[in-house]
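One structure is given here, and the rest of the page talks about it.
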Amino acid sequence: MKSMWIREVAPIPLFSDRELHEAGIDTHFVEENVYCPVKAGTLYGIHYQNHPMAQTKLIYCTKGSGLDYAIDLRKDSATYKQWACVELSAENRKQFYIPTGFGHAFLSLEDHTNVVMKIDHYFHQDYRRGIAWNDPDLCIPFPIDKPLLAQHDLEAPFLKESDCNL
């Protein structure tokens, strides 16, 4: 039998609580989920959980790439209905911190993308909510006309018709 050779390399951290703390972010994450859109053009969201189970999220890609969106759904906020977008990929290793009170959407740009989402409150079906991806009041210019959507995203209401309490 030939000898086995293993090259030792320093690990690449995917998550560092210390780095978040140094950036002034003190969030205790309780769960980590991975979702894996099979096809480019798959759109998840706009998702959130109502109070008292509203979630803070930390999102990053471990395979493939996509556009990650955070939409301010806090009615008393000066930035209500405004949104931000970051391209996340395994290559650029960017992470997107989405605070409580924001909706979240992700559009896959490649087949077989893997997206990791850390959350600070467990998923709770009774508080799960969604907003229609094409809500005219949000004016998010997703770079796709006909995304692949899950049934619950197809049936999501516009924000003005929702019971959002963020």
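The values are calculated or read from the model by the stated rules, or taken from the named source; none is laboratory data. These figures come from a predicted structure and were not determined experimentally. Note: ideal-geometry Cβ built from the backbone for every residue, glycine included; neighbour counts use all protein chains shown. Quick note on the areas: whole protein, heavy atoms, side chains included, nothing else; ligands and nucleic acids left out. Shrake-Rupley method; radii C 1.70, N 1.55, O 1.52, S 1.80 Å.
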Margin query: If I model a spin label as a point 7 Å beyond the Cα along the Cα-Cβ vector, how far apart are those points for Ser77 and Asp111 in nm?
Written below: 3.6 nm
Next item on the list: Compute the longest continuous run of the chain that contains no exposed trypsin sites (Lys or Arg not before Pro); treat a site as exposed when its DSSP state is not H, G, I, E or B and it has at most 15 other Cβ atoms within 10 Å.
Entry: 95-166
Margin query: Show me, bin by bin at 10 Å from 0, the whole-percent P(r) of the range 32-150 based on Cα pairs.
Written below: 14, 48, 34, 4
Margin query: Taking all protein chains in place and a 1.4 Å probe, what share, in percent, of the accessible surface of the chain do carbon and sulfur account for?
Written below: 52 percent
Note to self: If I model a spin label at Glu161 and Asp120 as a point 7 Å from the Cα along the Cα→Cβ vector, what separation in nanometres do I get?
What the structure shows: 3.2 nm
Next item on the list: Only Cα pairs under 8 Å and at least 6 apart count here; give the relative contact order of the range 104-166 as a rounded whole percent.
Entry: 37 percent
Note to self: Given Cβ point charges of +1 (Lys, Arg) and -1 (Asp, Glu) and nothing else, what value in debye, to the nearest 20, does the dipole of the chain about its Cα centre take?
What the structure shows: 340 debye
Check: Gap in Å between the Cα centre of the range 95-166 and the Cα centre of the range 54-83?
Finding: 8 Å
Next item on the list: Taking 7 Å along the Cα-to-C-beta vector as the label spot, tell me the Glu87-Phe142 distance in nanometres, rounded to one decimal.
Entry: 1.9 nm
Notebook entry, point to check: Using the Karplus equation 6.51 cos²θ - 1.76 cosθ + 1.60 (θ = phi - 60°), what ³J(HN,Hα) coupling, rounded to whole Hz, does each residue of the range 110-120 give in order, writing x for Gly and Pro?
Noted result: 9, 5, 6, 7, 10, 10, 9, 10, 8, 10, 9
Notebook entry, point to check: When we measure straight from the Cα of Lys146, which lysines land under 27 angstrom away, once same-chain ones fewer than 8 places off are left out?
Noted result: Lys39, Lys57, Lys63, Lys81, Lys94, Lys160
Note to self: Using a probe radius of 1.4 Å on heavy atoms only, what accessible surface per residue do you get for the chain? Whole Å² is fine.
What the structure shows: 60 Å²
Notebook entry, point to check: Can you list residues whose amide H is under 5 Å from Glu110's amide H, if they're 5+ apart or on another chain and H is modeled 1.01 Å from N?
Noted result: Gly41, Ser65
Check: Which longest run of the chain has no exposed loop site in it, a site being chymotrypsin sites (Phe, Trp or Tyr not before Pro) in a DSSP loop with at most 11 other beta carbons within 10 Å, and the site itself not part of the run?
Finding: 6-121
Next item on the list: Note down the net charge around Phe102, summing +1 for each Lys or Arg and -1 for each Asp or Glu among other residues with Cβ under 13 Å from its Cβ.
Entry: +2
